[in-house]
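Here's the structure, in C-alpha cells; my notes come after.
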Amino acid sequence: MVKSILPVVLKGASVKKGGVQIIGPLDMQLLEAGCTVVIGPNGAGKTTLLRLLHGLERLKSGSVTWNAPRPEINARQSFVFQTPVVMRRSVRENIAYPLILRGSSRKKALTEADRWAENVGLKAHGHQDANALSGGEKQKLALARALITRPEVLFLDEPSTNLDGASTLEIENLIRSARNSGTRIIMATHDFGQARRLGDEIVFIHHGRICEQASTDMFFNTPQTAEARAFVDGDILL
Amino acid sequence: MNDLLAGVAAAVRLIVTLDHDLVEISLRSLQVSLSAVFIAALIGLPFGAWLSVSRFRYRRIAIAVLNALMGLPPVVVGLVVYILLSRSGPFGVFNLLFTPTAMIIAQVIIVTPIIASLAHQAIRELWFFYHDLLISLNTSKWQRMKTLLWDGRRSLLTATLTGFGRAIGEIGAIMIVGGNIDHLTRVLTTAIALEVGKGDFPLAIGLGIILISLAIIINLAVHILSRTERAGRW
C-alpha cells in the first residue's frame, strides 16, 4: 500500500506579489478523500491558493506541509488550468506527454493516450492538431492529460468557465468519475451550482482569507460567518 | 536594362548548358553555407532555448549582447578568423586558411547569433505559454528545452532559414578567409564580385539570378519537406 501524500496542512501560509498580500495568513487542513471546492468571489485568491498547494506559488510566510517529500508530491499531483494549456501537438500526443516525460515508451504512452482520448470523448480527434479543438474539447484534453498519470490529487482551476451547459456536464461527469476512482479533487470555482453538485467540502475564501471550511450541506444550509451567509444569499461581496 | 536582359540570358545559358564552372561553384556555395547553417543551428537553437528557460544574473545583458551580435560585420569576422587561422595565428598549424573549412568557420560565427537570437525570441513566447504546465509537470530544464524546441519547430525553421539566407549571400568574410581561389574556394558571391571587377556585368547578373534561385529553391524544399503549411497538423 503506497502511503498517501495527504493530508496537507497550511499553517499561517501567505503569498505576496509585488508587495501586495494576495492570500493569507491561512490555516487549513485537507484530508485524504473526496472533493474540496474552493469558492469565493473573483479575486478572492482561489487560484493562488490552488497554485500554492501545487507548488506553483512561493510562500511569503508560514508553511504548506504534505505527508511526503516534495519530489514525490509533484509526481502524484496534476493541475488543470483555467485556460487549458494546449501544446502544439496532436490531441493524442498532448495526452501522452506526461507519460513520455516519465520515461514511458512513445508507443505505450500513445496507446494509453488513445484510451484516455476515448474516455473523454476525443477519440475521433486523436490525430488532429489540438489547437483546432473547441474550448470544451480543450478542457477535456487537459483533464485527460492530467488524469493519465493517475494522480492522487487533482487540482482544477475553474474547470468549466466559459463552457456551455452540455460541455460543463461532460466535464463534471469526468471529474465525478475521477473522484469515484479515488482521486482527491481540489477545485476552485465561483459557480454555486457546480460547488453543490461536486463538492463534499467547501472552503469559502474572501480577500485572501478562509472565512469558512465546512461540508457542502452545512455551508449552503447553515453558513457560519456573515461573509459566507451573504455569499450564499447572493449578495455582492466587496 | 540591357545588362539585366543580358544577365537573364546568361543565367539561362549557364543553366541549360549545365556550365561546369557554374555547377562547381554553386555546389561549393551550397556546401559551405549548408554546413555553416547546420553547425550554427546545432549551437544556436539549443542556446536560444537555454536562454529562454534559464534565469541568471546577467541574463538581460546576455540577451542584449546576443541581439547585437546579429549585426556582426562580416568583414571584421573575416579579419579575425584570418588572423586566427593564418600561419602565425594560434590555429595556423591546421592549415585551414583559404579552404572551404575556413569559410564555414567564418559563416558559423556570423550565422550562429542570428539563429540563436531568433530562436530565443520564438521560444520565449512559447515558454511564456507553456510555463505553468511544464513547471506543474515537474520537468527538468533539459525536458523543457526539448519540448520547446520540438513544439516551436516551425518558428525555429524560419530562424534557421534566415540564417541560411544570410550565409548564402555572405561575401565579406569568405572573401578574406577563402581568397576566391578558382576550383578551391570560389563560391557564387565571390564569383559575382570577380565578374563585376572584370566588368562582365551580364555574367555577374546571371550568377546573381542563380544565387537567388538557389536560395528560393532551398527555402521551398525545406518548407515542403517539413510540411509546415499542411493544415491541421503540427
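Among the candidates B:Arg87, B:Arg124, the residue that is away from every other protein chain (no Cβ under 14 Å), within 30 Å of A:Ala96 (Cα to Cα), among the basic types (Lys, Arg) and surrounded by fewer than 20 Cβ atoms within 10 Å (Cβ to Cβ) is uniquely B:Arg124.
Put simply, of B:Leu148, B:Leu126, B:Leu118 the only residue that is part of a helix (DSSP H, G or I), in contact with a Gly (Cβ under 8 Å, 6 or more places away or on another chain) and within 30 Å of A:Arg70 (Cβ to Cβ) is B:Leu126.
Okay, residues lined up against (1) surrounded by 16 or more Cβ atoms within 10 Å (Cβ to Cβ); (2) part of a strand (DSSP E or B); (3) of a type in the set (S, T, N, Q); (4) over 19 Å from the mean Cα position of the chain (by Cα):
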{"residue": "A:Glu170", "(1), (2), (3), (4)": "yes, no, no, no"}
{"residue": "A:Ile175", "(1), (2), (3), (4)": "yes, no, no, no"}
{"residue": "A:Ile185", "(1), (2), (3), (4)": "yes, yes, no, no"}
{"residue": "A:Ile202", "(1), (2), (3), (4)": "yes, yes, no, no"}
{"residue": "A:Met218", "(1), (2), (3), (4)": "no, no, no, yes"}
{"residue": "A:Glu227", "(1), (2), (3), (4)": "yes, no, no, yes"}
{"residue": "A:Asp235", "(1), (2), (3), (4)": "no, no, no, yes"}
{"residue": "A:Leu238", "(1), (2), (3), (4)": "no, no, no, yes"}
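Candidates in region A:78-92 are the residues that are more than 9 Å from chain B (Cβ to nearest Cβ) and of a type in the set (S, T, N, Q); of these, the one that is nearest to B:Glu125 (Cα to Cα) is A:Thr83. Checked against the criterion of being surrounded by 21 or more Cβ atoms within 10 Å (Cβ to Cβ) and farther than 30 Å from A:Gln77 by Cβ, the candidates B:Val177, B:Val196 yield just one match: B:Val177. Based on this model, can you work out whether B:Asn180 counts as under 26 Å from A:Leu56 (Cβ atoms) and in a loop (DSSP other than H, G, I, E, B)? In short, no.
Rundown of residues vs (1) more than 20 Å from A:Glu227 (Cα to Cα); (2) modelled with pLDDT under 90; (3) assigned to a strand (DSSP E or B); (4) among the hydroxyl-bearing types (Ser, Thr, Tyr), yes/no style:
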{"position": "A:Lys3", "(1), (2), (3), (4)": "yes, yes, no, no"}
{"position": "A:Leu6", "(1), (2), (3), (4)": "yes, no, no, no"}
{"position": "A:Leu10", "(1), (2), (3), (4)": "yes, no, yes, no"}
{"position": "A:Val15", "(1), (2), (3), (4)": "yes, no, yes, no"}
{"position": "A:Ile22", "(1), (2), (3), (4)": "no, no, yes, no"}
{"position": "A:Asp27", "(1), (2), (3), (4)": "no, no, yes, no"}
{"position": "A:Val38", "(1), (2), (3), (4)": "no, no, yes, no"}
{"position": "A:Asn42", "(1), (2), (3), (4)": "no, yes, no, no"}
{"position": "A:Thr47", "(1), (2), (3), (4)": "no, no, no, yes"}
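When A:Leu52, A:Leu26, A:Leu59, A:Leu30 are checked against the criterion of being more than 18 Å from the chain's Cα centre (by Cα) and under 18 Å from A:Val203 (Cα atoms), a single residue qualifies: A:Leu26. Within region B:182-193, the set of residues being within 12 Å of B:Gly208 (Cα to Cα) and not β-branched (Val, Ile, Thr) comprises B:Leu188, B:Ala191, B:Ala193. Screening region A:62-154 for helices (runs of 4 or more DSSP H) wholly inside it with 2 or more residues that are at pLDDT 95 or above and surrounded by fewer than 22 Cβ atoms within 10 Å (Cβ to Cβ) returns the ranges A:91-101, A:106-119.
Under the condition of being without any contact (Cβ under 8 Å) to a residue 60 or more places away in the chain and either of a type outside the set (A, V, I, L, M) or within 16 Å of A:Pro84 (Cα to Cα) (or both), the residues counted in region A:149-181 number 17.
Against the conditions (1) in a loop (DSSP other than H, G, I, E, B); (2) out of contact with any Pro (no Cβ under 8 Å at 6 or more places or on another chain); (3) of a type outside the set (A, V, I, L, M); (4) under 19 Å from B:Ala106 (Cα atoms), B:Thr162 satisfies every one except (1). Return the residues of region A:118-146 that are aliphatic (A, V, I, L, M), touching a residue at least 24 places away in the same chain (Cβ under 8 Å) and away from chain B (no Cβ under 13 Å); say none if nothing qualifies. Hits for region A:118-146 are A:Val120, A:Leu122, A:Leu143, A:Ala144. Looking at B:Thr189, B:Thr185, just one residue is more than 14 Å from chain A (Cβ to nearest Cβ), modelled with pLDDT of 95 or more and outside any helix (DSSP H, G or I), and that residue is B:Thr185.
Exactly one residue among B:Ile176, B:Ile135 is more than 20 Å from B:Leu34 (Cβ to Cβ), of a type in the set (A, V, I, L, M) and in contact with a helix residue (DSSP H, G or I) (Cβ under 7 Å, 6 or more places away or on another chain), and that residue is B:Ile176.
Here's the yes/no breakdown for (1) at the interface with another protein chain (Cβ under 9 Å from one of its Cβ atoms); (2) more than 22 Å from A:Pro159 (Cα to Cα):
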position	(1), (2)
A:Gly55	yes, no
A:Thr65	no, yes
A:Arg76	no, no
A:Asn94	no, no
A:Arg106	no, yes
A:Ala109	no, yes
A:Trp116	no, no
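One residue stands out among those in region A:206-238 that are in contact with an Asp or Glu (Cβ under 9 Å, 6 or more places away or on another chain) and β-branched (Val, Ile, Thr): the one that is farthest from A:Ala13 (Cα to Cα), which is A:Thr216. Can B:Asn138 be described as closer than 30 Å to A:Gly103 by Cα and not in a helix (DSSP H, G or I)? Yes; evaluated as a whole, the condition is true for this residue.
The values are calculated or read from the model by the stated rules, or taken from the named source; none is laboratory data. Please read all numbers here as calculations on a predicted model, not as lab measurements. In this analysis, Cβ positions are derived from the backbone assuming ideal geometry, glycine residues included, and neighbour counts consider all displayed protein chains.
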